[in-house]
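Asks: Right, I'll just put the structure down here and ask away after.
The values are calculated or read from the model by the stated rules, or taken from the named source; none is laboratory data. The structure presented is a predicted model; accordingly, all values stated were derived computationally and were not measured. Here the Cβ positions follow ideal geometry from the backbone for every residue, glycine too, while neighbour counts run over all protein chains shown. Accessible surface is based on the protein model in full, side chains and every heavy atom, while ligands, DNA and RNA are left aside. Shrake-Rupley method; radii C 1.70, N 1.55, O 1.52, S 1.80 Å.
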Amino acid sequence: MSTDTLSSRAVLADAAEHTDMACAHCTLPVPTALVRADAPRQFCCAGCDTAYTLLHTHGLDQFYAFPERREARVQRTGRSYDEFDHPAFAALHVRPAADGLSRVELYLEGVHCASCVWLVERVPLLVTGVVRAELDVRRSRAIVEWDAGATPLSAVARTLDTLGYPPHPFRGVARDAVRRGEDRRMLMRIGVAGAIAGNVMLFAFALYSGEIAWMDPAHTRFFRWLSMALTLPALAWPGRVFFTGAIAALRTRTLHMDLPIAIALAAGFVRGAMNTITDTGPVYFDGLAILVFALLVGRFLQQRGQRLATDSAELLYALTPATARIAEADGTLRDVPAEAVLPGMVLDVRAGETFAADGVLASEVTTVNSALLTGESRPVAVHEGEAIYAGTLNVSTPARVRVTEAGETSRVARLLQQVESTSDRRAPVVLAANRLAGVFVAVVLTLAVVTWGVKTAMGSASALDDVIALLVVTCPCALALATPLAVTVAVGRAARGGVLVKGGDALEQLATPGVLVLDKTGTLTEGQHALVSWIGDETVQPLVYALEAGSSHPLADGFRRAWSHLPLHEVTDAQHVTGGGLGGRVEGHEVLVGSPAFVRARAARGHETVEEAIDALESTLTPVLVAVDGVVVGAAGFGDRIRPDALSSLQALRARGWRTIMASGDMPFVAQAVGRTLGFRDTDVHGAMSPEGKLALVESLRADGTHVVMVGDGVNDAAAIAAANVGVGVHGGAEACLATADVFLARPGLTPLRELVEGAERTVRVIRRNFAFSLSYNAIGAALAVAGLLTPLIAAVLMPLSSLTVVLASWRGRTFEVSARQP
């Protein structure tokens, strides 16, 4: 049974008793209150009734013959979708199609199986003017083509909504179109090059067979000319990218890797053509065709890999709404695309909706979940005149917000822009590889000229063949391409595991042990008040839990999390004293819970043992006293609990050579207590540190030549993170911290930090392995070619095989393990 079915049935059970009757549309049980006497068909909700009527009226009853279809109520949003007809929406999301039609791509909610595909693709039968509807069920993306003059897009959207598939604009359409165009052109080149290489190889096999056994010279000439005729277009179109790159390198006076490739391809073809015309010597057309094909495949793999980090960063766009509701001066409301929101407008945001722009609250008060920007899971109260930011969630009451910043100038957009601007940074090892490739090209070209000159002077007939073999076999593709690919693949795998690395340079820095400076609150600890200690009789706990269950105080949330398994008793005469505590009657007992001053002023001291324990508790934790019937009977100690994986992760990092330092804003004795628990040396624990103090600590360490990595989660860590060699922002961190960090850990705890360091070490090992293989291969190949022991044909076969070996080694390298995948 599907998850949708279970959740829907749970909702129905909570709402009302239901019968054994099944809904005619979704097959869920029909609530008793909705049963219509003598009706031939019963429905679990009005949405299913409407959807069934729509399908039945248009003769689409075949939908109900599908053995598998979505078992969930049709929950219509009731939206007008007028914003889909707005000019700003059309400019952003609508594209012209053939025959004067318009085309739009929509993301549909609730897409489940083949029946959904069948139903969505029947929309042209339901809406006049719709010519085509096509659904990609894997991506929940619908492509709709319609006559905008006959039917507005909002009508199409309302029909999809009625069927239970609320539509949204599919974002990234322009980017996807560009990528599809790039991929299509590259795949066409690869396809043509592969087809030509396959056919030329067949002719080569015939020629090789003729060398082993006798072949009619006329047939030999025929196959040689046919091979040349097929290889020419392979170089002229699929292989043109290499000649274009070589020409660009000459114009900019740089030694690009395309230069020796283009020279080798041109020299090989010219020599093969000469041998074909004179009917003497070998031809190299099969090797040239395979070389073009293999090089194009390698570039395509690299291009696909480089998109992983960018795609991960662009996921932030999905967290902001596509539309906004504007409140006009006359009190009317209208929906517009989020891109059409301008400063000065007033947004109407209902409970459960996301704010579409930055602004200030124009209504009295609401509660906002700011997890997108701060990572704080608990909602916070926002009062009139206070700031609200795009992407945050309105939790409690309807709110009006006067827009101050929208679109690309909002905080979440600026954060994304900063992530993207740093994602293209290259690691020093990659820059070194590029410089080495340039030097290597110069050496190879010089060696080729010297080889040709010396062997020509010696009267060697194979001088040109040896030079061609040298240029082909020493192509620095493996050196210049596989190294950045290793970094790109590692960054992409890390992103899929919940670790967003903004630049490859961070991986190289993290692979070298140094000093790890860690913030305490929110990094080593959970960053929220939790019930750490209880003193007193456990039979009192249900009384306290009942009293705190209805409180909004942060400490009350700690009680609820710790004692959620206890029975919930009824509370009468409950009273709340701001800044003091709670009081009420539970199970016939007068119960007081609150600060020591509040409770002691209203209750007698308890047993001596309890009082001594309370005194000890106050020195390290935040105490909450409990009195029952006028006597103090217990106390709860609240503190910031150490993360469960902190000690094991720190031990693993220390074993790898890292020195760990704690920098905390808490009082020194609190920081020292946590430090001793986690194995820090006393001299490496710094308490009562201001943001300026943390910055000074990092700068002093770097001034001594120390390699510093700063790990934190708050605004007070942002400056230190920016000053470190590598800054790491942890899960739940504030926006300023995450914006300046080089790495963001999207999973809680320190285990992702340990996995990050281990993955960085493995990535650098893969890069160094590729360096060693590339240089060794090129040195051996060059020596064999100069010595005349390597023919151009063998060189053409070895060159792409070596490049593909390095590329696949990078692709398959054990950088970031699957175990690091985000749960």
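Asks: What pairs come out if I take residues in segment 770-793 that are farther than 18 Å from ALA264 by Cβ and pair them with residues that are polar (S, T, N, Q) and open to solvent by 30 Å² or more (accessible area, probe 1.4 Å) whose C-beta lies under 8 Å away, six or more apart or interchain?
Replies: Going by the 8 Å Cβ cut-off, the qualifying pairs are PHE773/THR805.
Asks: Here is a further query. When only residues in segment 144-158 that are over 13 Å from PHE84 (Cα atoms) and out of contact with any strand residue (DSSP E or B) (no Cβ under 8 Å at 6 or more places or on another chain) count, which is least open to solvent (accessible area, probe 1.4 Å)?
Replies: ALA150
Asks: Just checking, which of ALA530, ALA546 is touching a strand residue (DSSP E or B) at 6+ places or on another chain (Cβ under 7 Å) and part of a helix (DSSP H, G or I)?
Replies: Working: ALA530 fails: part of a helix (DSSP H, G or I).
Of ALA530, ALA546, the one residue that is touching a strand residue (DSSP E or B) at 6+ places or on another chain (Cβ under 7 Å) and part of a helix (DSSP H, G or I) is ALA546.
Asks: Which numbered condition in (1) modelled with pLDDT of 80 or more; (2) open to solvent by less than 10 Å² (accessible area, probe 1.4 Å) is the only one that CYS477 fails?
Replies: (1)
Asks: When segment 621-636 is examined, which residues are found to be touching a helix residue (DSSP H, G or I) at 6+ places or on another chain (Cβ under 9 Å) and modelled with pLDDT under 85? Steps first, answer last, please.
Replies: Residues of segment 621-636 touching a helix residue (DSSP H, G or I) at 6+ places or on another chain (Cβ under 9 Å): 622-628, 632-636.
Scanning segment 621-636 gives THR622, PRO623.
Asks: Let me ask something additional. GLU384 versus (1) modelled with pLDDT under 90; (2) open to solvent by 70 Å² or more (accessible area, probe 1.4 Å): which is the lone unmet condition?
Replies: Against the list (1) modelled with pLDDT under 90; (2) open to solvent by 70 Å² or more (accessible area, probe 1.4 Å), GLU384 comes up short only on (1).
Asks: Next question, about the same structure. Among SER595, SER564, which is closer than 26 Å to PHE669 by Cβ, of a type in the set (S, T, N, Q) and either open to solvent by 30 Å² or more (accessible area, probe 1.4 Å) or more than 44 Å from the chain's Cα centre (by Cα) (or both)? Write out each step before concluding.
Replies: Working: SER564 fails: closer than 26 Å to PHE669 by Cβ.
The match here is SER595.
Asks: Under 7 Å between Cβ atoms, at least 6 apart or on separate chains: pull out the pairs that start in segment 688-717 with a residue that is under 21 Å from ARG754 (Cβ atoms) and in a loop (DSSP other than H, G, I, E, B) and end on any residue that is aliphatic (A, V, I, L, M) and open to solvent by 50 Å² or more (accessible area, probe 1.4 Å).
Replies: Partner pairs satisfying both residue conditions: none exist.
Asks: Let me ask you something else. Filter segment 515-527 for residues that are crowded, with 20+ Cβ neighbours inside 10 Å, in contact with an Asp or Glu (Cβ under 7 Å, 6 or more places away or on another chain) and in a strand (DSSP E or B) and give the result.
Replies: Scanning segment 515-527 gives ASP519, THR525, GLY527.
Asks: Give the residue that is modelled with the highest pLDDT, with candidates limited to residues of segment 47-89 that are part of a helix (DSSP H, G or I), open to solvent by 20 Å² or more (accessible area, probe 1.4 Å) and touching a strand residue (DSSP E or B) at 6+ places or on another chain (Cβ under 7 Å).
Replies: So the first thing to find is which residues in segment 47-89 are part of a helix (DSSP H, G or I), and the list is 47-57, 61-65, 82-85, 87-89.
The next check asks that each one be open to solvent by 20 Å² or more (accessible area, probe 1.4 Å); those that pass are 49-50, 52-54, 56-57, 61-62, 64-65, 82, 85, 87-88.
From the residues that got through so far, the ones that are touching a strand residue (DSSP E or B) at 6+ places or on another chain (Cβ under 7 Å) too are 82, 88.
Values: ASP82: 81, ALA88: 73.
Of everything passing the filter in segment 47-89, ASP82 is modelled with the highest pLDDT.
Asks: Now a separate question. Can you tell which of ARG602, ARG585 is assigned to a loop (DSSP other than H, G, I, E, B) and over 46 Å from the mean Cα position of the chain (by Cα)?
Replies: Working: ARG585 fails: assigned to a loop (DSSP other than H, G, I, E, B).
Just a single option satisfies the conditions, and that option is ARG602.
Asks: Quick check on GLY550: is it within 30 Å of GLN672 (Cβ to Cβ) and either at pLDDT 85 or above or not polar (S, T, N, Q) (or both)? Break it down stepwise before answering.
Replies: Values: within 30 Å of GLN672 (Cβ to Cβ): no; either at pLDDT 85 or above or not polar (S, T, N, Q) (or both): yes.
So GLY550 fails the test.
Asks: Quick check: is even one residue across segment 758-769 over 20 Å from SER810 (Cβ atoms), of a type in the set (D, E, K, R), in contact (Cβ under 8 Å) with a residue 12 or more places away in the chain and open to solvent by 10 Å² or more (accessible area, probe 1.4 Å)?
Replies: Taking segment 758-769 as the starting set, the residues that turn out to be over 20 Å from SER810 (Cβ atoms) are none.
So far as segment 758-769 goes, no, none of its residues is over 20 Å from SER810 (Cβ atoms), of a type in the set (D, E, K, R), in contact (Cβ under 8 Å) with a residue 12 or more places away in the chain and open to solvent by 10 Å² or more (accessible area, probe 1.4 Å).
Asks: Within segment 528-547, is there a residue that is open to solvent by less than 10 Å² (accessible area, probe 1.4 Å) and touching a Gly at 6+ places or on another chain (Cβ under 6 Å)?
Replies: yes
Asks: Give segment 650-672 a look and list any residue that's assigned to a helix (DSSP H, G or I) and surrounded by 16 or more Cβ atoms within 10 Å (Cβ to Cβ), or say none.
Replies: Narrowing segment 650-672 to residues assigned to a helix (DSSP H, G or I): 650-655, 668-672.
LEU650, ALA652, LEU653, VAL670, ALA671, GLN672 - these are the residues of segment 650-672 that are assigned to a helix (DSSP H, G or I) and surrounded by 16 or more Cβ atoms within 10 Å (Cβ to Cβ).
Asks: Looking at PRO260, PRO238, which is the one that is within 45 Å of the chain's Cα centre (by Cα) and at pLDDT 85 or above? Don't jump to the end; show me each part of the working.
Replies: Working: PRO260 fails: at pLDDT 85 or above.
After applying the criteria, what remains is PRO238.
Asks: If you don't mind, another one. For ARG139, state whether it is outside any helix (DSSP H, G or I), loosely packed, with under 15 Cβ neighbours inside 10 Å, at pLDDT 80 or above and within 30 Å of the chain's Cα centre (by Cα). Walk me through it before giving the result.
Replies: Details: outside any helix (DSSP H, G or I): yes; loosely packed, with under 15 Cβ neighbours inside 10 Å: yes; at pLDDT 80 or above: no; within 30 Å of the chain's Cα centre (by Cα): yes.
So ARG139 does not fit the description; no.
Asks: Would you pick out the residues in segment 543-573 that are free of Cβ contacts under 8 Å to residues at least 40 places away in the same chain and out of contact with any helix residue (DSSP H, G or I) (no Cβ under 7 Å at 6 or more places or on another chain)?
Replies: GLY550, SER551, SER552, HIS553, ARG561, ALA562, SER564, HIS565, GLU570, THR572, ASP573
Asks: Yes or no: segment 243-251 includes at least one residue that is open to solvent by less than 40 Å² (accessible area, probe 1.4 Å), farther than 27 Å from LEU436 by Cβ and free of Cβ contacts under 8 Å to residues at least 60 places away in the same chain.
Replies: Step one: of segment 243-251, the residues open to solvent by less than 40 Å² (accessible area, probe 1.4 Å) are 245-246, 249.
Pick out the ones that are also farther than 27 Å from LEU436 by Cβ and you get none.
No: zero hits.
Asks: On to the next question. Can you say whether ALA213 is aliphatic (A, V, I, L, M) and either open to solvent by 70 Å² or more (accessible area, probe 1.4 Å) or modelled with pLDDT under 80 (or both), as far as the supplied structure shows?
Replies: Values: aliphatic (A, V, I, L, M): yes; either open to solvent by 70 Å² or more (accessible area, probe 1.4 Å) or modelled with pLDDT under 80 (or both): yes.
So ALA213 passes the test.
Asks: Return the only residue of VAL540, VAL532, VAL517, VAL544 being at pLDDT below 85 and either of a type outside the set (Lys, Arg) or over 25 Å from HIS707 (Cα atoms) (or both). Before you say what the answer is, go through the steps one by one.
Replies: Working: VAL540 fails: at pLDDT below 85; VAL517 fails: at pLDDT below 85; VAL544 fails: at pLDDT below 85.
Testing whether each residue is at pLDDT below 85 and either of a type outside the set (Lys, Arg) or over 25 Å from HIS707 (Cα atoms) (or both) leaves just VAL532.
Asks: Moving on to the next point. Would you please name the residue that is nearest to the chain's Cα centre (by Cα), looking only at residues in segment 698-709 that are open to solvent by less than 40 Å² (accessible area, probe 1.4 Å) and farther than 13 Å from PRO513 by Cα?
Replies: In this case the residue turns out to be VAL698.
Asks: Restricting to segment 451-474, what's the tally of residues that are modelled with pLDDT of 80 or more and not in a loop (DSSP other than H, G, I, E, B)?
Replies: Residues that pass the stated criteria total 14.
Asks: One residue is enough: does segment 118-126 have a residue meeting the conditions touching a Leu at 6+ places or on another chain (Cβ under 6 Å), open to solvent by less than 10 Å² (accessible area, probe 1.4 Å) and not in a helix (DSSP H, G or I)?
Replies: No, that holds for no residue.
Asks: Separate question: What are the pairs, 6+ residues apart or on separate chains, where a residue within segment 513-534 that is under 27 Å from VAL743 (Cα atoms) and of a type in the set (S, T, N, Q) has its Cβ under 7 Å from a residue that is at pLDDT 90 or above and part of a strand (DSSP E or B)?
Replies: From residues that are under 27 Å from VAL743 (Cα atoms) and of a type in the set (S, T, N, Q), the pairs are THR523/VAL711.
Asks: Still on this structure: Consider PRO513 carefully, then state whether it is under 30 Å from VAL766 (Cα atoms) and in contact with a Leu (Cβ under 9 Å, 6 or more places away or on another chain). If you could, list the steps in order and put the result at the bottom.
Replies: On the way: under 30 Å from VAL766 (Cα atoms): yes; in contact with a Leu (Cβ under 9 Å, 6 or more places away or on another chain): yes.
When the stated conditions are applied, PRO513 passes them.
Asks: Is there any pair with a first residue in segment 381-400 that is touching a residue at least 12 places away in the same chain (Cβ under 8 Å) and a second that is in a loop (DSSP other than H, G, I, E, B) and among the basic types (Lys, Arg) whose Cβ atoms are under 6 Å apart and which are 6 or more apart or on different chains, and what are they?
Replies: So the pair list comes out as PRO398/ARG350.
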